[in-house]
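The values are calculated or read from the model by the stated rules, or taken from the named source; none is laboratory data. Computed from a predicted structure; not experimentally measured. Because the Cβ atoms are built from the backbone with ideal geometry, glycine has one as well, and the counts that use them run over all protein chains shown.
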Amino acid sequence: MVRTVNFEYVKDVDAEMYLHLWRYEDEDFNTLKVIASENHRSRAVFPLLQGGPHMHTIAALGIAFHEAMDPEFKDYAAQVVDNARAMAAELTRQGFELVSGGTDNHLMLVRLNQGGGILADYALEQAGIIANRNSIPDDPSSAFFPSGIRFGTPAITTRGFTVDDTVELTERMAEVLRVSEKNQLPASGPGRRQYMRDFEDLMKRNPTVKDVREYVTEKVKTHPTPGFS
């Protein structure tokens, strides 16, 4: 029995799977027999390892793996990487430091000032862009107020973004990051929560952030989420 997860590999919900190992019962490969007995398998999975078997998640897994079997999925996966490399290169060109110096997959982590990850997260969200605050190596701040921001390209690639689209988006993202970097999170203390509330309100009214949000709103009209157009 093998336990694995599927997220970040196929376009799907976050889920985990238990794969049962099979073997052929005869040399002609006609009859399959599961290696582990039903009793052993059940005791291995329930009640300790697996939570509730959510049927909507199981259905989503089936659809995602069916899509991944399509030859076009290879083209999609290659485009995800091409877009990620383009985003990483443009962020570097805009003066931002990537922790890894670049990327060979779908992700990249940008080093910001102390506590700048959460500020960038809030600012980008107000601009209609979702990213993840993330700790960085030797982070001077806590995991709750990290100093990095993490970007990925599967979602925009699913919407049909090309390398040119990605570079254009990254330029607008950089504008928002510069706005957030002009602010400094308090080093510690109870004032942080109030600061974040004030910062969020400030980003809602910031003209650059509002301009980028308008850009994002128009951009997604020509690049809708599949199935929702």
Considering only residues that are crowded, with 21+ Cβ neighbours inside 10 Å and in a loop (DSSP other than H, G, I, E, B), look in region 114-128 and name the one that is farthest from the chain's Cα centre (by Cα). GLY115
Flag if ARG150 is among the charged types (D, E, K, R), surrounded by 16 or more Cβ atoms within 10 Å (Cβ to Cβ) and either touching an Asp or Glu at 6+ places or on another chain (Cβ under 8 Å) or touching a residue at least 60 places away in the same chain (Cβ under 8 Å) (or both): no
So, GLN79, is that one of a type in the set (S, T, N, Q), at pLDDT 65 or above and over 18 Å from the mean Cα position of the chain (by Cα) or not? no
Tally time: how many residues in region 179-193 are touching a helix residue (DSSP H, G or I) at 6+ places or on another chain (Cβ under 8 Å) and not β-branched (Val, Ile, Thr)? 5
Those residues of region 180-222 that are surrounded by fewer than 17 Cβ atoms within 10 Å (Cβ to Cβ) and not in a helix (DSSP H, G or I) come to a total of 7
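Tell me whether region 17-25 contains one or more residues that are at pLDDT below 90, under 30 Å from ALA155 (Cβ atoms) and in contact with a Phe, Trp or Tyr (Cβ under 7 Å, 6 or more places away or on another chain).
There is no residue in region 17-25 that is at pLDDT below 90, under 30 Å from ALA155 (Cβ atoms) and in contact with a Phe, Trp or Tyr (Cβ under 7 Å, 6 or more places away or on another chain).
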The listed residue being of a type in the set (A, V, I, L, M, F, W, C) and either touching a His at 6+ places or on another chain (Cβ under 9 Å) or surrounded by 23 or more Cβ atoms within 10 Å (Cβ to Cβ) (or both), out of MET108, MET69: MET108
Somewhere in region 83-93, is a residue surrounded by fewer than 19 Cβ atoms within 10 Å (Cβ to Cβ), hydroxyl-bearing (Ser, Thr, Tyr) and without any contact (Cβ under 8 Å) to a residue 40 or more places away in the chain? yes
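Hey, could you check region 153-179 for residues that are out of contact with any His (no Cβ under 9 Å at 6 or more places or on another chain) and among the charged types (D, E, K, R) and say which is surrounded by the fewest Cβ atoms within 10 Å (Cβ to Cβ)?
ASP164
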Among the residues of region 189-209, write down those that are more than 16 Å from GLY117 (Cα to Cα) and in contact (Cβ under 8 Å) with a residue 40 or more places away in the chain. LYS204, ASN206, VAL209
